[in-house]
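Report on the following structure.
Every number in this text was worked out from the coordinates using simple rules, so none of it is lab data. All figures in this text were calculated on a predicted structure; none of them were measured in a lab.
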């Protein structure tokens, strides 16, 4: 299978875990989109009934509406049975870097509310240590983005304001900017997460620690299930 076929296979595999009556978190990104479509197909052919979806972004909301999934909110359903989402890096302890798609704040809120957080990736996303290959997304309030960029620079990160098409600053669904921070490989992710969370101007960061219950890895010969 090529990479897109692997993404489709792992998305459909995860979607097979959804049961009737569940509240399901709907992740953001190309791999999660395959899962959303597969859930919608199971609803359409009568395999599933009474499923409610909580999207983690406007993009996943649009996918879900197109797929025919009834939507709800965390306000109405604060406990989620199962969330299916992607990741940009996954380490051996199931810690993640997320946020390349720009939805990290909502994604983390949904993950925290989930009884089961299922991450679906192809094997290119596996790493021995977070931060070795991709920048860490940090969502910041526009009002205070410059001090936060300087703070991150002092921590040793190469900081770049994320740009959208046409070169304008990328704006998240919540109206914030994202600073993509190229750290060296992150040796103490918990310490770094704590330092970022203490800053008032940092809305959220892409370190997802101790939130994942299952990882599904798409490989050329099938899907590997890893669990705690």
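Note on the chain: with a GNM built from Cα contacts shorter than 10 Å, the maximum mean-square fluctuation among 117, 89, 19 falls on 19. With contacts taken as Cα pairs under 8 Å and at least 6 residues apart, region 1-98 reaches a relative contact order of 31 percent. Principal-axis analysis of the Cα atoms of the chain puts helix 145-154 at an angle of about 70° to the longest axis.
If you run the Gaussian network model on the chain, springs between alpha carbon atoms under 10 Å, then out of 14, 111, 141 the most flexible one is 141.
When both region 118-156 and region 158-218 are represented by their alpha-carbon centers, they are found 4 Å apart. Helix 58-67 axis versus longest C-alpha principal axis of the chain: approximately 10°, rounded to the nearest ten. Only Cα pairs within less than 10 Å get springs; with that Gaussian network setup on the chain, which residue of 50, 166, 101 has the largest fluctuation? Sorting by GNM fluctuation, first place goes to 166. Taking the C-alpha atoms only, the angle from helix 30-44 to the longest principal axis of the chain is near 20 degrees.
Once every Cα of region 162-228 carries one equal point scatterer and solvent is ignored, give the base-10 log of I(q)/I(0) from the Debye formula at q = 0.20, 0.28, 0.29 Å⁻¹, two decimals. One equal scatterer on each Cα of region 162-228 leads to -0.99, -1.19, -1.23.
Would you mind calculating the relative contact order of region 125-228 from Cα pairs under 8 angstrom and at least 6 residues apart, reporting the percent as a whole number?
Relative contact order here is 31 percent.
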